[in-house]
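See below for the structure under consideration.
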Amino acid sequence: MPNANLILLADIGGTNLRFALCESADVPLRADSIRRYRAVDHTSLAQAAARYLAEVGAQPVSAVFAIAGRVDGGQVKITNLPWSVSSAEVAAALGLDSVRLVNDFAAQSRCLPLLPAGDLETLGDPLPPALDGQRDRCVAVIGPGTGLGVGALLQRAGRSIVLETEGGHLSFAPGSEEEIEILKHLTRKFGRVSNERLICGSGLVNLYAAICELAAEPLRAVTPEQVMQSATDGDDAQAVRAAGLFAEILGAIAGDLVLAYGAWDGVFLGGGLLEPLLPTLRRGGFRNRFDAKGRFAPTMAQIPTIAVRHPNPGLLGAAGIALDAHAAVR
């Protein structure tokens, strides 16, 4: 029998599909309901969601799906997965009254006020802002994974407002002679070079390949995991440089988001590559490039950068969006 108090949640990326249930404001994310699947094992979002509902034995009446792609009129083509999703078609296939689609980094943004302090790690000296709705705030969110996600959160008069963006596709701006040469390499391969061409899983491989070419060294790694492992082991100088440069460029982009969005209250980092990248981010190159904004450098030095270490921020943010909608119609 359908349960009007249950809301189906999903966080859909190019590699992983995560599902959970939201029950109430007191239990925005039921820990015992969380499941993760591989996207390649399914032919559609509706099929994966139906599998999940069958496994957990739940019959919700509505859903909020956070999806890696631009949502337009209840439809989205997933950026790094060959699926097109329609909210009406998914609702019909699952027997739901309503399905809301949101950008995955809208959900990553909305989760921030719901996070306990233990799920946050500050990178650098400035402390994280209090996102308790007591004062107006603006923060940016960025996360490298299969792609590069970007979003923002505004808090105005106690309300949390998310900005759904495709900021990962902004053009890459090199900040050194080395990066200019890397840009030339990538331009020959791709034409226009976006930030996502460098700062995501495949972007790490692109960076590594460019660095190897510039050093006239052979490729010893062909996957993001191999590059990161070689960088961690220290047995491949080009992999070590690729990981370090990845962190530096991520810092530069994060700083650009502060200037673009007026995110003077901070930048939060997430994404599937965050955990393996954290040791490199802590070494300082990330923060140095974040601060290096010319006449704005003194201002940037006062702005916090925070790593989100919650295991399922997209699902938690989807729950927040669902509860916001529920509260608005009461």
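Laboratory data are not the source of any read-out in this text; all were calculated from the coordinates shown. Just so it is clear, the structure is predicted and the values come from calculations on it, not from any experiment. Ideal geometry is used to build each Cβ from the backbone, glycine not excepted, and the neighbour counts take in all protein chains shown.
What the table below lists for this structure:
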{"quantity": "Peptide ranges 95-106, 17-28 listed from the most packed, as the mean C-beta count within 10 angstrom indicates", "calculated": "95-106, 17-28"}
{"quantity": "Taking the chain and dividing mean pair separation by its residue count, relative contact order in percent (alpha carbons under 8 Å, at least six apart)", "calculated": "20"}
{"quantity": "Part-to-part distance (alpha-carbon centres) for region 28-45 and region 87-132, which is given in Å", "calculated": "16"}
{"quantity": "Kirkwood estimate for region 238-316, i.e. one over the average of 1/r between Cα atoms, Å", "calculated": "13.1"}
{"quantity": "Cβ crowding within 10 Å averaged over residues, with 271-278, 171-178 ranked highest first", "calculated": "271-278, 171-178"}
{"quantity": "Long-range HN-HN contacts of Gly149 with modeled amide H, under 5 Å", "calculated": "Gly143"}
{"quantity": "Residue-count net charge about Gly167 - beta-carbon cut-off 13 Å; Lys, Arg +1, Asp, Glu -1", "calculated": "-4"}
{"quantity": "Region 62-215: translational diffusion in µm²/s, Stokes-Einstein, Kirkwood Rh over Cα pairs, 37 °C, 0.692 mPa s", "calculated": "184"}
{"quantity": "Region 202-281 shape via C-alpha gyration tensor axes, a/c threshold 1.5", "calculated": "prolate"}
{"quantity": "Order of Leu29, Leu94, Leu198, Leu127 under a 10 Å beta carbon neighbour criterion, fewest first", "calculated": "Leu127, Leu94, Leu29, Leu198"}
{"quantity": "Förster-model FRET efficiency, 35 Å R0, Asp32 and Ala117, C-beta, rounded to 0.05", "calculated": "0.90"}
{"quantity": "Debye-sum result for region 1-44 in log10 I(q)/I(0), which assumes one identical scatterer on each alpha carbon, at q = 0.20, 0.34 Å⁻¹", "calculated": "-0.68, -1.16"}
{"quantity": "Contour excess over end-to-end distance, with Cα ends at Thr223 and Val40 and 0.36 nm allotted per residue", "calculated": "64.2 nm"}
{"quantity": "Percentage, to the nearest whole number, of Cα pairs in region 133-223 over 20 Å apart", "calculated": "47"}
{"quantity": "Residue exposure sequence - Ile211, Ile199, Ile34 - by fewest surrounding Cβ within 10 Å", "calculated": "Ile34, Ile211, Ile199"}
{"quantity": "Amide N of region 157-183 lying under 16 Å from the label point, which is placed 7 angstrom from the Cα of Arg135 along Cα→Cβ", "calculated": "157-159"}
{"quantity": "Whole-angstrom Cα spans of region 117-309 along principal axes, big to small", "calculated": "56, 33, 30"}
{"quantity": "Residue-averaged 222 nm ellipticity for the chain, from DSSP H runs of 4+ at -39500 (n - 2.57), nearest 500", "calculated": "-11500 deg cm²/dmol"}
{"quantity": "Pairwise label distance in nanometres, Glu23 with Thr299, each label 7 Å out on the Cα-Cβ vector", "calculated": "4.6"}
{"quantity": "Kyte-Doolittle mean at least 0.0, axial Cα span of 24 Å or more - DSSP H helices of the chain", "calculated": "237-261"}
{"quantity": "Unit charges on C-beta of K, R, D, E only; dipole of the chain, Debye", "calculated": "460"}
{"quantity": "Taking the convex hull of Cα positions in region 19-132, its mean projected area over all directions (nm²)", "calculated": "8.9"}
{"quantity": "Cβ-based net charge around Phe190, under 13 Å, with every Lys or Arg adding one and every Asp or Glu removing one", "calculated": "+4"}
{"quantity": "3J(HN,Hα) from dihedral phi, region 7-20, Karplus parametrisation 6.51/-1.76/1.60, rounded to Hz, x for glycine, proline", "calculated": "10, 7, 10, 8, 10, 10, x, x, 10, 10, 10, 10, 10, 6"}
{"quantity": "Rounded FRET efficiency, nearest 0.05, which uses the C-beta distance separating Asp235 from Ile161 and R0 of 41 Å", "calculated": "0.30"}
{"quantity": "Taking Lys293, Lys189, Lys77 and counting other C-beta atoms within 10 Å, the order from fewest to most", "calculated": "Lys189, Lys77, Lys293"}
{"quantity": "When the chain is reduced to its Cα atoms, the Kirkwood hydrodynamic radius in Å", "calculated": "20.4"}
{"quantity": "Pairwise label distance in nanometres, Ser171 with Ala215, each label 7 Å out on the Cα-Cβ vector", "calculated": "3.0"}
